Structures are given as C-alpha cells and as structure tokens.
Amino acid sequence: MSLGLANAEVGTIQHLSDIAQRARRAGAIFHIDAAQAVGRIPFALETSGCDLLSMSAHKLGGPAGIGALYVRPGCPLTGQLSAVLKR
C-alpha cells in the first residue's frame with residue numbers, strides 16, 4: 001500500500017498512524033511518499049508506522065533525479081534482480 005503524506009495541490013495531510021495500523025493488520029507493506037512533505041511539515045518517522053518512505057532531493061534543494069528510500073529494519077523486501085537470479 002502506498003500513500004502520499006501531503007498533497008501540494010489541495011493541501012491535504014494524511015493521518016498516518018491509523019492507516020499504518022490497518023495496513024499492518026491486513027498484512028500489507030506500507031509505503032509513504034513524502035516528497036511533498038519532507039522539510040516542510042513536522043514528521044516523525046518513528047511514529048509513522050511505515051515500512052518504506054521515499055523522498056526527493058530536489059524538494060530539499062538538492063539535485064534533480066536523486067532520492068532516498070527508507071526501509072524499516074526487518075521489512076520483508078526482495079530485490080527484483082535477486083528474485084530472478086534465484087530461479
């Protein structure tokens with residue numbers, strides 16, 4: 001499940017903890033797209049409940065085309081190339 005933390009066009013900000021709890025109960029991996037929010041609104045990764053979080057450098061004054069992905073320790077991800085090589 002993927003959710004944008006904030007929407008720049010309409011100004012909505014999601015309440016993540018409730019959504020994260022529901023995603024976890026359903027067995028989903030929860031991703032937050034924080035590109036519009038990081039550096040602009042208060043945000044605590046520890047209480048967000050997310051498994052994955054992505055952000056863009058250019059939104060923080062960095063170069064375009066560079067981003068970061070946070071992966072919660074223990075999150076069950078398998079790289080696509082790893083899955084192909086195991087066949």
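The values are calculated or read from the model by the stated rules, or taken from the named source; none is laboratory data. Note that the structure is a prediction, hence the values are computed from the model and not measured. When we count neighbours, we look across all protein chains shown, and the Cβ atoms used for this are built from the backbone with ideal geometry, even at glycine. Heavy atoms of the whole protein, side chains included, go into the accessibility calculation; ligands, DNA and RNA do not. Shrake-Rupley method; radii C 1.70, N 1.55, O 1.52, S 1.80 Å.
In percent, rounded to a whole number, the relative contact order of the chain is 23, using alpha-carbon pairs under 8 Å and six or more apart. For the chain, with all protein chains in place and a probe radius of 1.4 Å, 56% of the accessible heavy-atom surface sits on carbon or sulfur. For the chain, the equivalent ellipsoid derived from the Cα gyration tensor has semi-axes of 24, 19, 10 Å, listed largest first.
If R0 equals 25 Å, the separation of the Cβ atoms of ILE29 and ALA8 corresponds to a calculated FRET efficiency of about 0.50. Of all beta bridges that DSSP places with both ends in the chain, some 50 percent have antiparallel geometry.
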